[in-house]
1. Using packing as a proxy for protection, rank 44-51, 6-13 so that the peptide with the highest average count of other Cβ atoms within 10 Å comes first.
2. How much length would be gained if the chain were fully extended between residue 40 and residue 54, taking 0.36 nm per residue of separation minus their Cα-Cα distance, in nm to one decimal?
3. Full extension from residue 13 to residue 27: what is 0.36 nm times the residue separation minus their Cα-Cα distance, to one decimal in nm?
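Derivation of every value follows stated rules applied to the coordinates shown; laboratory data play no part. As the structure is a computational prediction, the values presented were derived from the model and not from experiment. Heads up, the Cβs are rebuilt from the backbone with ideal geometry, glycines too, and the neighbour counts pull from every protein chain shown.
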Amino acid sequence: MTTTPGWQKSSYCGEGESCVHVAATPATLHITESGDPAGSILTAAPTAFAALLRTLKTESPRG
């Protein structure tokens with residue numbers, strides 16, 4: 001039996017902006033954009049997603 005993951009909106013999303021939504025299952029993370037939530041869903045293993053976040057934090061101009 002497959003269950004639909006519960007989506008959470010990014011805490012960095014302001015009102016009226018296009019937002020990133022994330023959902024987790026035990027072995028997979030799902031990421032989508034609020035402008036087209038069912039259109040494109042990125043799926044990643046938790047370790048790959050953690051590596052992406054580390055890279056973004058390291059290379060971010062704000063970071």
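1. Working: 44-51: 12.6, 6-13: 10.9.
Top to bottom by mean Cβ count within 10 Å: 44-51, 6-13.
2. Values: separation 14, 0.36 × 14 = 5.04 nm, distance 2.29 nm.
Between residue 40 and residue 54, full extension yields an extra 2.8 nm.
3. Numbers: separation 14, 0.36 × 14 = 5.04 nm, distance 2.55 nm.
Here the segment from residue 13 to residue 27 would lengthen by 2.5 nm.
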